[in-house]
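Following: one structure in structure tokens, then a few remarks.
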Amino acid sequence: MIKVTVACLSLLVPSVFAFPSYQSLAPLSRRELEEFIANNPVADIPNPPGPLANDSIKLVNDPAHPFIAPGPTDLRGPCPGLNTLANHGYLPRSGVARPDQLVTAVMEGYNLGNDFAKFLVYQAHLIDGNPLTNLISIGMKTPLTGPDPPQPASIGGLSLHGTFEGDTSMTRVDAFFGNPAIFNEQRFDEFSAFSTEFGVQGTYDINAAAELRHQRLQESIQTNPQLVFVSPRILSAYSEAVFPTVFFVDGREDNGQLTLSAARDFFDMNIMPVGFHRQPAAVSFPGIMPLVQTIFNKHPFTPGVNNGVNNFTLMPQTPDLFDFCGIYEDIVLRVLKIQYPNPTGQLKDALNKNLGFLFSAVEGQNCTQVFPFGTD
Ligand code: HEM
Ligand SMILES: *[C@@H]1O[C@H](CO)[C@@H](O)[C@H](O)[C@H]1NC(C)=O
Ligand SMILES: *[C@@H]1O[C@H](CO)[C@@H](O)[C@H](O)[C@H]1NC(C)=O
Ligand SMILES: *[C@@H]1O[C@H](CO)[C@@H](O)[C@H](O)[C@H]1NC(C)=O
């Protein structure tokens with residue numbers, strides 16, 4: 001079933017490789033890749049860390065992690081959570097990191113559960129990072145992640161549209177309208193207005209999240225002729241809508257109500273509020289998925305793509321929001337395969353290692369491992 005949707009989606013989803021700027025960074029040809037690997041063995045790939053030894057609440061905006069605004073060469077991207085961690089030194093301030101460093105940072109800084117952290121990070125690394133150098137940019141594509149494997153792998157960083165980054169973001173515009181990786185004040189005004197109208201005491205809470213998430217989809221259906229809202233974007237869009245009600249709320253309150261002042265800090269300034277404490281215990285799939293279910297139930301939708309403005313074509317045959325293992329398989333068998341149709345040698349080994357880490361994150365959800373590049 002997934003094979004059928006591959007063909008059908010690749011016709012509808014605009015190519016992520018059409019940007020001239022990516023061509024100019026000249027990826028390695030197959031021969032150059034072999035030479036590169038012969039002279040520079042692929043990077044060691046450390047295993048991801050396990051769960052925190054001590055996941056209790058603590059001050060995370062602490063003297064060891066001062067806010068420092070990014071310098072002119074530091075990279076920041078579409079994720080307010082990761083931008084903030086880089087600004088506080090939980091991640092390299094350059095914005096280029098190893099995936100295991102990302103897992104550590106989101107566990108330490110916000111108390112993401114180990115499985116959930118690995119799911120987000122290895123999904124992102126496989127589709128936006130460099131498997132040869134084991135580095136990923138949390139912002140735009142950069143030479144700092146080293147020589148690229150052959151095209152069509154894009155190694156685009158988190159800012160590259162059509163991979164992890166997608167449409168209907170809360171505080172960013174759709175890629176059709178401009179740079180989707182930068183904070184947009186008008187969008188934040190809507191975020192604030194929805195919080196004022198629907199949230200308890202004007203906070204961004206689960207009710208505000210449900211209404212805003214619905215409105216962002218409706219608005220994109222009506223205005224973005226190239227809207228794509230299918231797996232895996234549907235899952236990231238819905239989880240990112242509830243993250244702020246969990247991870248951006250001070251762990252001492254932990255009431256699911258994000259004040260607009262704290263929202264401004266995280267989304268716009270990418271700074272932790274003064275005295276910010278992380279969640280009082282690790283939060284993983286069991287903490288997030290019921291919230292996703294709650295906001296979905298208020299305004300259910302079917303995945304689809306716009307074929308022209310206000311012409312949303314449903315794609316019910318693709319994995320839906322609650323087909324978690326289907327989304328895992330879609331990431332691995334469709335999205336990743338577009339970038340790596342037929343990897344060999346050490347490149348394939350590196351991809352398989354990261355695929356194993358991704359699977360370790362979803363094993364607890366009872367998914368069955370899939371092997372896009374065979375099992376040898
Ligand atoms: C762990 C690895 C993570 C990765 C790889 C990641 C990646 C991303 C990416 C690529 C986006 C852009 C999606 C889009 O809107 O098009 C995004 C958005 C977002 N992320 Fe993250 N993220 C991670 C963790 C976190 C954490 C821990 C938080 C909260 C503490 C967070 C909060 C958000 C929010 C709220 C958005 C939505 C922004 C908006 O819609 O305006 N993320 N993330
Ligand atoms: C866990 O960390 C907290 C906060 O830093 C600390 O108060 C507590 O003593 C630690 N617990 C253990 C068992 O180390
Ligand atoms: C709407 O999309 C369908 C395909 O899903 C297409 O056949 C039709 O021409 C489109 N209509 C308009 C008005 O663009
Ligand atoms: C996975 O399967 C086990 C055994 O059947 C079950 O107890 C558990 O609830 C399942 N977990 C999920 C997330 O579905």
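So which pairs qualify, if the first residue must be in segment 53-67 and more than 8 Å from ligand 2 (Cβ to nearest atom), the second must be small (Gly, Ala, Ser) and not in a loop (DSSP other than H, G, I, E, B), the Cβ gap must be under 9 Å, and the two must be at least 6 apart or on different chains?
Here the result reads Val60/Gly109; His65/Gly109, each pair linking segment 53-67 to a residue that is small (Gly, Ala, Ser) and not in a loop (DSSP other than H, G, I, E, B).
Each row is one residue, and each column tells you yes or no for (1) away from ligand 4 (no atom under 16 Å from the Cβ); (2) assigned to a loop (DSSP other than H, G, I, E, B).
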site: Gln279; (1), (2): yes, yes
site: Met289; (1), (2): no, no
site: Phe296; (1), (2): yes, no
site: Phe301; (1), (2): yes, yes
site: Gly308; (1), (2): yes, yes
site: Pro316; (1), (2): yes, yes
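Residues checked against (1) within 16 Å of ligand 2 (Cβ to nearest atom); (2) surrounded by fewer than 21 Cβ atoms within 10 Å (Cβ to Cβ); (3) under 25 Å from Asp330 (Cβ atoms); (4) modelled with pLDDT of 95 or more:
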| position | (1), (2), (3), (4) |
| --- | --- |
| Ala210 | no, no, yes, yes |
| Gln218 | no, yes, yes, yes |
| Gln222 | no, yes, no, yes |
| Asp254 | yes, yes, no, yes |
| Ala263 | no, no, no, yes |
| Phe266 | no, no, no, yes |
| Gln279 | yes, no, no, yes |
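I'm told Ser236 meets every condition in (1) within 13 Å of ligand 1 (Cβ to nearest atom); (2) surrounded by fewer than 22 Cβ atoms within 10 Å (Cβ to Cβ); (3) over 30 Å from Pro343 (Cβ atoms) except one. Can you identify the failing condition by its number?
So Ser236 meets the others, but not (3).
Considering every residue within segment 36-45, establish whether at least one is at pLDDT 95 or above and either surrounded by fewer than 17 Cβ atoms within 10 Å (Cβ to Cβ) or not small (Gly, Ala, Ser) (or both).
Taking segment 36-45 as the starting set, the residues that turn out to be at pLDDT 95 or above are 45.
Next cut, either surrounded by fewer than 17 Cβ atoms within 10 Å (Cβ to Cβ) or not small (Gly, Ala, Ser) (or both) only: 45.
Checking segment 36-45: at least one residue is at pLDDT 95 or above and either surrounded by fewer than 17 Cβ atoms within 10 Å (Cβ to Cβ) or not small (Gly, Ala, Ser) (or both).
Considering only residues that are within 21 Å of Val103 (Cα to Cα) and either within 16 Å of ligand 2 (Cβ to nearest atom) or polar (S, T, N, Q) (or both), which ones fall in segment 281-317?
Matches in segment 281-317: Ala281, Ala282, Ser284.
Within segment 289-300, count every residue that is among the β-branched types (Val, Ile, Thr) and surrounded by fewer than 20 Cβ atoms within 10 Å (Cβ to Cβ).
Within segment 289-300, the subset among the β-branched types (Val, Ile, Thr) is 292, 294-295.
Okay, now just the ones that are also surrounded by fewer than 20 Cβ atoms within 10 Å (Cβ to Cβ), so 294.
Residues flagged as among the β-branched types (Val, Ile, Thr) and surrounded by fewer than 20 Cβ atoms within 10 Å (Cβ to Cβ) within segment 289-300 amount to 1.
What residue, among those in segment 350-366 that are over 17 Å from Pro286 (Cα atoms) and touching a residue at least 40 places away in the same chain (Cβ under 8 Å), is nearest to ligand 4 (Cβ to nearest atom)?
Initial filter on segment 350-366 (over 17 Å from Pro286 (Cα atoms)): 350-359.
Among the residues that remain, those that are also touching a residue at least 40 places away in the same chain (Cβ under 8 Å) are: 350-351, 353-355, 357-358.
On the way: Ala350: 29, Leu351: 26, Lys353: 25, Asn354: 23, Leu355: 20, Phe357: 19, Leu358: 16 Å.
Applying the filter and picking the extreme gives Leu358.
For Pro343, which of the numbered conditions (1) away from ligand 1 (no atom under 16 Å from the Cβ); (2) in contact (Cβ under 8 Å) with a residue 40 or more places away in the chain; (3) closer than 25 Å to Val242 by Cα fails to hold?
Exception for Pro343: condition (3).
Could you run through segment 115-153 and say how many residues are of a type in the set (Ser, Thr, Tyr), surrounded by 23 or more Cβ atoms within 10 Å (Cβ to Cβ) and out of contact with any strand residue (DSSP E or B) (no Cβ under 9 Å at 6 or more places or on another chain)?
Residues meeting the conditions: 1.
Go over the candidates Leu9, Leu52, Leu33, Leu25 one by one and state the one that is over 28 Å from Gly146 (Cα atoms), touching a helix residue (DSSP H, G or I) at 6+ places or on another chain (Cβ under 8 Å) and modelled with pLDDT under 95.
The conditions single out Leu9.
The values are calculated or read from the model by the stated rules, or taken from the named source; none is laboratory data. Predicted, not measured: the structure shown is a model, and the values here were computed from it. A quick note on method: Cβ atoms are made from the backbone with ideal geometry, for glycine too, and the neighbour counts reach across all protein chains shown.
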